[in-house]
Amino acid sequence: MKKILNDPQNYVDEMLDGLVAAHPEIYAKPAHRIITRAGEKTKGKVGIVTGGGSGHLPVFTGYVGTGLLDGCAIGNVFASPSADQMAETIRAVDAGAGVLCLYGNYGGDVMNFDMAAEMVSFEDDIRTASHAVSDDVASAPRGEMEKRRGVAGMIYAFKIAGAAAERMADLDEVARLARKASGNVVSMGMAMTPCIIPQLGKASSVIGDDEMEMGMGIHGEPGTWRGPIKPADDILDEMFDTLQADRPLGKGDRVSVLVNSLGATPHEELYILYRRLAVRLSEIGVDVVMPLVGRYATSMEMTGASLSILRLDDELEDLLAAPANCAFWRV
Amino acid sequence: MKKILNDPQNYVDEMLDGLVAAHPEIYAKPAHRIITRAGEKTKGKVGIVTGGGSGHLPVFTGYVGTGLLDGCAIGNVFASPSADQMAETIRAVDAGAGVLCLYGNYGGDVMNFDMAAEMVSFEDDIRTASHAVSDDVASAPRGEMEKRRGVAGMIYAFKIAGAAAERMADLDEVARLARKASGNVVSMGMAMTPCIIPQLGKASSVIGDDEMEMGMGIHGEPGTWRGPIKPADDILDEMFDTLQADRPLGKGDRVSVLVNSLGATPHEELYILYRRLAVRLSEIGVDVVMPLVGRYATSMEMTGASLSILRLDDELEDLLAAPANCAFWRV
Amino acid sequence: MEITSNELKAALARIAEHAGENREFLCQADAQLGDGDLGITVAEGFSACAKLDLSDDVGRAFFEMARTFQQVSSSSFGTLVATGLMAAAKALKDRTEFGPDEIAGLLAQARDAMLARGKSSLGEKTVLDGLDAQVHALEAERSGALMETAVTAARDTVEKFTQRPNQAGRARIFAEKSVGLPDPGQLALVVITEGLR
Amino acid sequence: MEITSNELKAALARIAEHAGENREFLCQADAQLGDGDLGITVAEGFSACAKLDLSDDVGRAFFEMARTFQQVSSSSFGTLVATGLMAAAKALKDRTEFGPDEIAGLLAQARDAMLARGKSSLGEKTVLDGLDAQVHALEAERSGALMETAVTAARDTVEKFTQRPNQAGRARIFAEKSVGLPDPGQLALVVITEGLR
Ligand SMILES: Nc1ncnc2c1ncn2[C@@H]1O[C@H](COP(=O)(O)OP(=O)(O)O)[C@@H](O)[C@H]1O
Ligand SMILES: Nc1ncnc2c1ncn2[C@@H]1O[C@H](COP(=O)(O)OP(=O)(O)O)[C@@H](O)[C@H]1O
Ligand SMILES: [Mg+2]
Ligand SMILES: [Mg+2]
Ligand SMILES: [Mg+2]
Ligand SMILES: [Mg+2]
C-alpha cells in the first residue's frame, strides 16, 4: 500500500487534526468528525452544510470557508457519515435563518441527510432545505436524474449557494440558487487506476495496464466502457460529446468549466485536456468564464480526470465570481 | 503508461498551450517554450526569470505571476532548457532594471543560466544576477552546498524575491533577498513510486511494492536509504530530524513550512504528516506562519512527499505575506 | 397483553443476542453484493439499543432507539431501521403502551417511511419486501401466532426474491450477479424477527 | 598557414561528417552512464554550425558557432562546447585570422572557461581532462604535426581515465558503475579532433 499513514483506522481523524492544525483560521472541529468555519457565526445568515465519505479532498470538508460552506459531517473513507453527525452539524451552523443541506447524490448520504433534517425539525425546530447534486452524466440517463451520482460539478453548487448565503439571501433563495447551479452543471469522468482504501489496504478494482475506464465513478463504480487507453484529445472529445448530447451548448452560451484530476493525474495532463476543450468550445462559439483546472474533487491517488461544465446566466456568473476563501480555493 | 497525452513528443508544448488558454490573464507565451506574465511590463521593475525541466508543475512555469516571477524558460520533461531560450526569456522580461535568474541547483540549468547571462551581457547589455537554490538536504552535506539540489523550498525564494521586485527594490536588493530566503530554507523528501517520463513511456526506476526511498530526488536520483514503508509519523520524524540536524531551530523561532506532495500522494496524507509536524514544532517552541500543504513542486504522478522549512525574520515574513497571484498560488 | 417499555427492552436484548450470533453470516451475505458491513450494522445497532435506559413513553422509547441505531451505523440498513423506528415513535407519541393488534399498522407505517427514505419501491428485492410481506401476513393473522407468522413471511420473501435481480441500494450495480443470491437486507429481517420470538 | 573564417568553415564540415558517423557510438557510451543523448548533441551541434555563413571576423565567427551550438542542444556537453567557443570568440575579437601557434593558448582559455562553467576540476574524468592533455601536448609540440598530437592526447586521456570513477556531471551519481567505462565526453573529444584532421 503506497500510502503515507499510521494506523489505517485513524486515517480520517488524523487527517482532520492536521487540517485544523494547518488552517486554524479557516476550520474548526467542534465535535468528532464535524468541521465548521472557525470564528463567530454571522447571525441571521443561512447555514450551508455538506457531508459525505472521506478520501475526496478538497471535497467535502475542504470547501468549508467564507463564501462557501459553513459545516461538514465527515464519514469514513468512501462511507456516509451518520444522520446523527449531520444533525449535529446542522445544529452547529444554524444562525437562526435555517440550514441548507447540499451534498452529492449517493444513497447513504441522501437517506442520512433526510433523516438528519427530520431529527433537527423534531427536536430543535431548525428549518432545513436539502439538495443532492447529481451531475454525473455517466451514471444514469437524463430521464433518471435521481439515480445520477454527484461528482466534481457539485463544487459549483457550493460556490454559488455559498455566495448567496454570504450576501444574506434567505433559505428559500439560497436553496433555489443551489438547485439552479446544480441543474446547470453536468460532469463526465474517466479513470486509469483505482485508489486504495486505507482500511482494506488494497484497490477496490483493477484496471489493466493499458486500459482506461470511461465514466467510472469516484468510488470505482462501473463506467460505460473499459478498453485500451485513448489519446488525450479523444478522451476529451468523448467526454465533451457526451455532455453535449446530454445538455447541448450553442453559440453565445457562457460557461465555466472544471478540468479536474481524480488525484494522481498531474496538472500537465489536465492542461493537455484543457487545450482540446478550448478548441471544442470555441468551435461552437461558447465563451468560458473562470475556468478551473486542478484537483477539486478527488479519490485519493486515483489516476483519471473529469470534465464539468456549468452553464451561466448573469445571476450565476455574478455569484460564481464573488469572493470565497478556503484552504483549497480562493476567488 | 497511465498518462493522459497525445504524442509524447508534444507533451510539453500542448501543456503550455493549455496553460495559456486557461489563464490568459496570467500567462503569455511570447516565443516557443517561453512563458512570461501577460500584460505590460512595469518600467523599472527588476525582472525575475526561472527555468528548468518540465514535469514539475506548478514549478517552474506556474509561478510566473504578480508578486512572483516574470518569466520562465521551459525544457523538456526533466531536461534543462537551452541557454538561448533563457537569454530570450531574460530579454523578454527586462524592463530596464536588470534581471535576476532564480532557479534550482541542477548542473545543466546552472551552466545554461550562466551562459545565458553571459550572452545577454555580451549582446544586449542587460545586467543580471543569478542564484541557484540548493535546499535538498538529502543530496549533499551542508559543507558541499554547491552540490545540493534545488527542490520544493525554492518556491519560498520565488515568493520573497517576487514580492521585493514588486515593491520596486533594485536588482542587488532583490538578489540579496532571494539568497537570504534560499539560505534560510531546507527541504527533505521521500518517494514511494517513481513517475513516467512521457517520451520513455516508463518509469526511470522501480521501487518495490512495500518499499519507500528516503531522500530520493525529484527525478529519481538515489536517496539515503530504501526499505520497508514506515508509518507516517516516523517518516515525518525522520525528515524533521534530518532538517533539525542540518540547521537547528529553537524556542522562539518563527518559520513557514511546506508539506508538499510529489504528485499522487493525496491531500489527506499530507495532513496526516502535518499533524505530526505541528506536534514536533510545538514541542520545541517554534511558531508557524502561513503553512503550505499541497502540491507546490511535483514530479508528475510520483508518489511521495517533501517537507521544507523556511526560517523567518521580520523582513522575510513581511515579504512572504505580501500579495501574490498565479494560477496555482494566491496570497 | 399490552406492550410497554419493559417489553421493548426485553425484546431488544433477545434481538441483540441473536443478531450477534448471526453477525458473520450477515456480513458474508453482504460481502457478495456490497461492502460486507451488514452484520456489524445489525449486531452493533441492536446491542447499543439493548443498553438503553428506555423512557416509559413508548413513543419516546422508539425515538431513543432510532437515534441510537443510526449513531452506531450510517450504512443504508442502519438508516432504514432508524427511519422505521422513527415512524413508530411518531405514531406512539405520548403513550405508555400499545397492543399486539397495532403491530401490523406500525409495521406498515415503518414500511412507508422507509420506502420514502430509500427512494425505492416494493419489488426491488430489499428488506422492504420482507416487511411488506409481514404486514400482509400479520393483517390476515387471527390465531395469535404473531411471531411465527412474521418469521415465516420474512423467510418466504427471501426465497421468493433470490432468483430476481437487486434493483435498489449498492447491489443494484451488480444486478446480474445478484440473481441467485439472497438479498442481505431480507436475511437481516429474518434474523431480527427470529430474535424477537 | 594562418586560419581564417574559410578554414573554420571547412573544419566544421569535416567534424560534422565524422560526428554524424559516430552518433550512435557516442549515444551508446552516454547511455551507460547518463541519458544517452551525447551523440545527438555532438552530431547536431556541429551539423548546425557547418551550415552557418560565418563572419569574416573570426571572433564573431566563434560567437556564431557558440550561439548555434547551444541552441541545438541544452545538454551539458553542448553548453560546455558553446562555452569553449565563446572563450575563443572573446580572445579573437576583431581579428580576421589567427596562427596555428595560437591554438594551444585558445584551447587553454576554452578549458578554463569550461571548468568555470561546469564548476568542476581537472581529474574528475570529463572532457576537460582530454582538453587539458591536448593543451599540454600542443605546447610541447614542435614538429608541426598538430592534429596527430591532439588526437593522440585525447585518446590517451580516455585510456588513462577509464578505470577511474566519474566525479562530475550526471555520471557522478553512478561513480562506482563508471569504473571501467570510458567517459562519454572524453570519447566525444576524440571524435571531434579526429574529424578536424
Ligand atoms: N434504497 C434502499 N431502499 C430499500 N432498501 C435498501 C436500500 N438500500 C439498501 N437497502 C437494503 O439494505 C441492505 C444493505 O444494507 P447495508 O449493508 O447497510 O447497505 P450499504 O452498506 O450498501 O450502505 C440491502 O440488502 C437492502 O435490503
Ligand atoms: N560539470 C561538468 N564539467 C565538466 N564536464 C562535464 C560536466 N558535466 C558533464 N560533463 C561532460 O559531458 C559529458 C556528458 O555530456 P551530456 O551527455 O551532454 O550530459 P547530460 O546529458 O547529462 O547533460 C560527460 O561525459 C562529461 O565529460
Ligand atoms: Mg453493506
Ligand atoms: Mg456500508
Ligand atoms: Mg547525456
Ligand atoms: Mg542530456
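The values are calculated or read from the model by the stated rules, or taken from the named source; none is laboratory data. Being a predicted model, the structure only gives us computed values, none of them experimental. As a convention, Cβ positions derive from the backbone with ideal geometry for all residues, glycine included, and neighbour counts pool all protein chains shown.
Which numbered condition in (1) of a type in the set (Phe, Trp, Tyr); (2) at the interface with another protein chain (Cβ under 7 Å from one of its Cβ atoms); (3) touching a residue at least 24 places away in the same chain (Cβ under 8 Å) is the only one that B:Phe240 fails?
Failed condition: (2).
Looking at the structure I just gave you, is A:Met145 surrounded by 23 or more Cβ atoms within 10 Å (Cβ to Cβ) and either within 16 Å of ligand 1 (Cβ to nearest atom) or more than 21 Å from A:Asp318 (Cβ to Cβ) (or both)?
no
Would you check if there is a residue in the stretch B:48-66 being farther than 30 Å from A:Lys230 by Cβ, more than 18 Å from the chain's Cα centre (by Cα) and β-branched (Val, Ile, Thr)?
No, the conditions are met nowhere in the stretch B:48-66.
Give the number of residues within the stretch A:292-325 that are within 12 Å of another protein chain (Cβ to nearest Cβ) and of a type outside the set (Asp, Glu).
Number of matching residues: 18.
Counting only residues that are in contact (Cβ under 8 Å) with a residue 60 or more places away in the chain, give me the strands (runs of 3 or more DSSP E) lying completely in the stretch B:35-146 with at least 2 of them.
Of the strands (runs of 3 or more DSSP E) lying wholly inside the stretch B:35-146, those with at least 2 residues that are in contact (Cβ under 8 Å) with a residue 60 or more places away in the chain span B:47-54, B:71-77, B:99-104.
Among (1) out of contact with any Leu (no Cβ under 8 Å at 6 or more places or on another chain); (2) part of a loop (DSSP other than H, G, I, E, B), which single condition is B:Gln244 missing?
B:Gln244 satisfies all of (1) out of contact with any Leu (no Cβ under 8 Å at 6 or more places or on another chain); (2) part of a loop (DSSP other than H, G, I, E, B) except (2).
Quick one: how many residues across the stretch B:11-30 are surrounded by fewer than 16 Cβ atoms within 10 Å (Cβ to Cβ) and free of Cβ contacts under 8 Å to residues at least 24 places away in the same chain?
Count: 2.
What pairs come out if I take residues in the stretch A:246-259 that are surrounded by 14 or more Cβ atoms within 10 Å (Cβ to Cβ) and pair them with residues that are of a type in the set (Lys, Arg) whose C-beta lies under 9 Å away, six or more apart or interchain?
Qualifying pairs under 9 Å: A:Asp246/A:Arg142; A:Arg247/A:Arg142; A:Arg247/A:Arg311; A:Leu249/A:Arg311; A:Asp253/A:Arg311; A:Arg254/A:Arg311; A:Val255/A:Arg311; A:Ser256/A:Arg311.
Per-residue answers, yes or no, for (1) within 14 Å of chain C (Cβ to nearest Cβ); (2) surrounded by 24 or more Cβ atoms within 10 Å (Cβ to Cβ); (3) out of contact with any strand residue (DSSP E or B) (no Cβ under 9 Å at 6 or more places or on another chain):
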position	(1), (2), (3)
A:Met111	yes, yes, yes
A:Ser121	yes, no, no
A:Arg127	no, no, no
A:Asp136	yes, yes, no
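If you go through the stretch A:262-291 one residue at a time, how many are over 20 Å from A:Asp136 (Cα atoms) and either among the small types (Gly, Ala, Ser) or facing chain B (nearest Cβ under 7 Å) (or both)?
The total comes to 11.
Quick check: is even one residue across the stretch C:96-113 within 11 Å of chain A (Cβ to nearest Cβ) and away from ligand 5 (no atom under 16 Å from the Cβ)?
Within the stretch C:96-113, one or more residues are within 11 Å of chain A (Cβ to nearest Cβ) and away from ligand 5 (no atom under 16 Å from the Cβ).
Yes/no matrix, rows are residues, columns are (1) within 16 Å of ligand 2 (Cβ to nearest atom); (2) more than 20 Å from the chain's Cα centre (by Cα); (3) small (Gly, Ala, Ser):
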{"position": "A:Ser121", "(1), (2), (3)": "no, yes, yes"}
{"position": "A:Glu146", "(1), (2), (3)": "no, no, no"}
{"position": "A:Ala157", "(1), (2), (3)": "no, no, yes"}
{"position": "A:Asp172", "(1), (2), (3)": "no, yes, no"}
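Any idea how many residues of the stretch A:255-312 are out of contact with any Phe, Trp or Tyr (no Cβ under 6 Å at 6 or more places or on another chain) and not in a strand (DSSP E or B)?
Counting residues in the stretch A:255-312 that are out of contact with any Phe, Trp or Tyr (no Cβ under 6 Å at 6 or more places or on another chain) and not in a strand (DSSP E or B) gives 34.
Which condition number does A:Met300 fail, the rest of (1) touching a Leu at 6+ places or on another chain (Cβ under 8 Å); (2) among the hydrophobic types (A, V, I, L, M, F, W, C); (3) on the phi > 0 side of the Ramachandran plot being met?
The number of the failed condition is (1).
Could you list, in sequence order, the residues of the stretch B:31-73 that are buried (at least 24 other Cβ atoms within 10 Å of the Cβ), of a type in the set (Val, Ile, Thr) and over 15 Å from B:Ile218 (Cα atoms)?
The answer is B:Ile34, B:Ile35, B:Val46, B:Ile48, B:Val49, B:Thr50, B:Thr61, B:Val64.
When only residues in the stretch D:117-141 that are of a type in the set (A, V, I, L, M, F, W, C) and without any contact (Cβ under 8 Å) to a residue 12 or more places away in the chain count, which is farthest from D:Thr79 (Cα to Cα)? Spell out how you get there, then give the answer.
Start the filter on the stretch D:117-141 by keeping residues that are of a type in the set (A, V, I, L, M, F, W, C), which leaves D:122, D:127-128, D:131, D:133, D:135, D:137-138, D:140.
Within this subset, residues satisfying the condition of being without any contact (Cβ under 8 Å) to a residue 12 or more places away in the chain are D:122, D:140.
Working: D:Leu122: 18, D:Ala140: 29 Å.
Here the answer is D:Ala140.
Test of understanding: among C:Ala10, C:Ala19, which residue is among the hydrophobic types (A, V, I, L, M, F, W, C), modelled with pLDDT of 95 or more and within 16 Å of ligand 1 (Cβ to nearest atom)?
C:Ala19
Step by step: first the residues of the stretch A:1-10, then only those that are facing another protein chain (nearest Cβ under 7 Å) and of a type in the set (A, V, I, L, M, F, W, C), then the one that is surrounded by the fewest Cβ atoms within 10 Å (Cβ to Cβ). Which residue is that?
That would be A:Leu5.
Which helices (runs of 4 or more DSSP H) sit wholly inside the stretch C:2-83 and have at least 3 residues that are more than 11 Å from every other protein chain (Cβ to nearest Cβ) and within 14 Å of ligand 4 (Cβ to nearest atom)?
C:23-33, C:38-50
Could you tell me whether the stretch A:95-109 includes any residue that is buried (at least 23 other Cβ atoms within 10 Å of the Cβ) and over 22 Å from the mean Cα position of the chain (by Cα)?
No - not one qualifying residue is present in the stretch A:95-109.
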